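Shown next, in C-alpha cells, is the structure this report addresses.
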Amino acid sequence: MRPIHWLLMLVVNLVFGLNLVASKYVLLELPPLTVSALRFAVVLTVMAPLLRWQKGQMRTIFAVGFLMGTVHFALLNTGLSLAGDVSTVAIVIQLGVPFATLFSVWFLGETIRWRRWLGIALAFLGVMVMGFDPRVFNYLTAVIIVAMAAAAGAAGMTLMKARIRVNAFQLQGWLAVVSCPSLLIVAAIVERDALAEVSGISPLGAACLIFSGVGAGLIGHGGTYMLLQRYDLSLISPLLLLATVFGVIFGVTLLGDVLSLRMIIGGVITLVGALVITLRNAPQAGAVPETMVR
C-alpha cells in the first residue's frame, strides 16, 4: 500500500473507533431511537442532492436499508445506551463477522471448512467469557441487544453481497432514505417526548451527532470503499479490525471504561475468531468487507 493509503486506513479505523464514543455522548442527552433517526437525517441532508435511482436494485436496496439501517442502528444504539461501557459494545459488535459467515452458508449456499468453524466458535466463546464478568453481567441485556444488532447488520450485508452493486456513498444515502423516516415514526411513538428535546441538545452532543453521520457514515465507509477498489480484500478486512482496538482505547481514555482481566481475555478471543473468519473469507469474498464496523 502507498503511504497515503496507509494514512487513509488509519483515519478510517480512527473514525469507526471514535464513532461509538461519539454515539455514547449523544445518548447521554437523547434516547436511542431519536439518536438513530437524527444520525440518518444528517446523512440524508448531505447525500440527498447526489442520490441516483439504481435501476433494477431498489427493492433489494430498501430491504438492505431496513436491516442495516433501521433495525441495526435501533438495536445498536439501544444496546449502547444500556451498556456500562463502550469497550464491550465495540467487541460484541464484531459478532457480525461470524453471523455473516453463517448467513452466507444458510442463504447463499457457501461452504465453510474447519478453520472458519473454529473462528465462529472462538468469536462466540469470547463474548460468553466477557458475559460472565460481574460488571458485564449487570448489563447483559445490552450485550444481547448489541448481538442482535450485529445479526441484523450481517443479514443486510449478506443480502447486499449477493445482489447489490452500488458504491458506498450511494448505498449510505439510500440507507438514510429508508431509515430516517421509519426511525422518526417509531421514535415519535416510543419516545414521544424526546423529539421535543432535540432543540436543547448541547453543542458537544450536536457535534458528536454530525460526526456519527458524516464521519462514520460517509468518511469511514467511503474511505473503506476507496481502499477496496485498489487493494485485495484479504489486506483490507483484517486491518479494519483495528477499529475495535481503537474503540476500546477511546472508551478507556475518553469515557473511563475499566477493563477487567476477563473482559480483556474475552475480547482477545472474540477478535481472534473474527480475524480467522475474515482471513478465510477474503479470497472468495466480493468488494464488501465482512468486518462489522460502524
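Key figures for this structure:
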{"item": "Relative contact order (%) - the chain, alpha-carbon pairs under 8 angstrom, separation at least six", "result": "41 percent"}
{"item": "The chain: most fluctuating residue of G96, G256, G222 per GNM, C-alpha cutoff 10 Å", "result": "G256"}
{"item": "Cα-Cα pairs of region 181-255 separated by more than 17 Å (percent)", "result": "66 percent"}
{"item": "Region 123-239, Cα convex hull volume normalised per residue, Å³", "result": "171 Å³"}
{"item": "Accessible surface of region 1-148, 1.4 Å probe, proportion on carbon and sulfur as whole %", "result": "72 percent"}
{"item": "Choice from V86, V166, V248 with maximal GNM fluctuation in the chain (Cα, 10 Å cutoff)", "result": "V166"}
{"item": "Where region 147-189 is the region considered: accessible area per residue in Å², 1.4 Å probe", "result": "36 Å²"}
{"item": "Top of A216, A206, A152 by mean-square fluctuation, Gaussian network on the chain, Cα under 10 Å", "result": "A206"}
{"item": "Magnitude of the charge dipole, the chain, Cβ model with Lys/Arg +1 and Asp/Glu -1, debye to 20", "result": "940 debye"}
{"item": "Base-10 log of normalised Debye intensity for region 159-221 (one unit scatterer per alpha-carbon) at q = 0.13 Å⁻¹", "result": "-0.50"}
{"item": "CD proxy at 222 nm, helix term only [per DSSP H run n ≥ 4: -39500 (n - 2.57); per residue of the chain; nearest 500]", "result": "-23000 deg cm²/dmol"}
{"item": "Reported label for calculated log10 I(q)/I(0) by the Debye sum over Cα atoms at q = 0.11 Å⁻¹ given [x] -0.77; [y] -0.70; [z] -0.60", "result": "[z]"}
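The values are calculated or read from the model by the stated rules, or taken from the named source; none is laboratory data. The shown structure was predicted, so the numbers you read here are calculated from the model rather than taken from an experiment. For neighbour counting, all protein chains shown are included, and Cβ atoms are generated from backbone atoms with ideal geometry for every residue, glycine included. Remember, those area values only see protein heavy atoms, side chains included, never the ligands or the DNA or RNA. Shrake-Rupley method; radii C 1.70, N 1.55, O 1.52, S 1.80 Å.
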